[in-house]
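*Asks:* First, the structure itself, so that you have it in front of you.
The values are calculated or read from the model by the stated rules, or taken from the named source; none is laboratory data. What you are looking at is a predicted structure, and each value in this text was computed from that prediction instead of being measured. So basically every Cβ, Gly included, is an ideal-geometry build from the backbone, and we count neighbours across all protein chains shown.
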Amino acid sequence: MAVLGREQFRSAILQYVEVPGARFFRTLGLTPNSITLLGFAVCVAAAFLVGYGWLLWGGIVFLLGGGLDLFDGALARLTGKTTPFGALLDSVFDRLGEASLFVGLAIYGLRAGFDEQFTMFFLTALLLALIFSQGVSYLRARGEGLGVFTRAGVMTRTERVIILGVGLILDHFLGFSLIVWVLVAIAGVSCFTLFQRMFTIRNMLDKAG
């Protein structure tokens, strides 16, 4: 049995999830921009839940909010409403939604009753994960501004959303502050991805030039 590559998996998601979902949202009368804003609002709600220590529900809601990001672009293409501003809005609120969860995690870390040393470790891992994650997303946008398009990298936004959401859910059941180690993993792999994507863009620019 053949293993699906990333692009094949992406095509399958487009065909069996994004397009049917976009048709459903069209029947509800929603616009692509409204889905973008709804996804952001759901991520903020997830951050609120996480900040108050409800990691299970925070993880579930965050996965739902991140999942909505699949449909705004698909709906725009389906309805012929793709616009530069819509793409800009999507990019900005994707970053804000993800960042809001990190704020919720920071509040959780400060309220969780960890000792001072572990709290510092938690916050350091969180900040590094946030910095490198946003750096990866920025490189994609900057590359597009330079005329090259790439999703190259091990830890893209899709992987981060899934790992964060699942990590929060598993932390609820397994304990031992699993989410801290999830943040450490995201920070490390996102750092690698940042340089991986940077050199990919450099090679693409060299070929284009």
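*Asks:* Would you point out which residue out of Phe114, Phe121 is farther than 18 Å from Val161 by Cα, at pLDDT 95 or above and surrounded by fewer than 22 Cβ atoms within 10 Å (Cβ to Cβ)?
*Replies:* Phe121
*Asks:* Under the condition of being in a helix (DSSP H, G or I) and more than 22 Å from the chain's Cα centre (by Cα), which residue from the range 21-41 is surrounded by the most Cβ atoms within 10 Å (Cβ to Cβ)?
*Replies:* The qualifying residue surrounded by the most Cβ atoms within 10 Å (Cβ to Cβ) is Arg26.
*Asks:* In the range 191-203, what count of residues is obtained for those that are β-branched (Val, Ile, Thr) and surrounded by fewer than 21 Cβ atoms within 10 Å (Cβ to Cβ)?
*Replies:* Looking only at that region, the number is 2.
*Asks:* Here is a check on your reading of the model: is Ser137 under 13 Å from the mean Cα position of the chain (by Cα) and without any contact (Cβ under 8 Å) to a residue 60 or more places away in the chain?
*Replies:* For Ser137, the condition - under 13 Å from the mean Cα position of the chain (by Cα) and without any contact (Cβ under 8 Å) to a residue 60 or more places away in the chain - is met.
*Asks:* Moving on to the next point. Of all residues in the range 49-66, which are touching a residue at least 40 places away in the same chain (Cβ under 8 Å), within 22 Å of Leu89 (Cβ to Cβ) and surrounded by fewer than 21 Cβ atoms within 10 Å (Cβ to Cβ)?
*Replies:* Leu63 - this is the single residue of the range 49-66 that is touching a residue at least 40 places away in the same chain (Cβ under 8 Å), within 22 Å of Leu89 (Cβ to Cβ) and surrounded by fewer than 21 Cβ atoms within 10 Å (Cβ to Cβ).
*Asks:* Does at least one position in the range 67-80 carry a residue that is over 19 Å from Thr158 (Cα atoms), modelled with pLDDT under 90 and assigned to a loop (DSSP other than H, G, I, E, B)?
*Replies:* Among the residues of the range 67-80, at least one is over 19 Å from Thr158 (Cα atoms), modelled with pLDDT under 90 and assigned to a loop (DSSP other than H, G, I, E, B), which makes the answer yes.
*Asks:* Can I ask one more? Being closer than 29 Å to Gly21 by Cα, of a type outside the set (Lys, Arg), in contact (Cβ under 8 Å) with a residue 40 or more places away in the chain and touching a Leu at 6+ places or on another chain (Cβ under 8 Å) is the requirement here; does Leu101 meet it?
*Replies:* When the stated conditions are applied, Leu101 passes them.
*Asks:* Moving on. Does Gly188 qualify as being over 17 Å from Trp54 (Cβ atoms), surrounded by fewer than 16 Cβ atoms within 10 Å (Cβ to Cβ) and modelled with pLDDT of 95 or more?
*Replies:* Yes: the conditions hold for Gly188.
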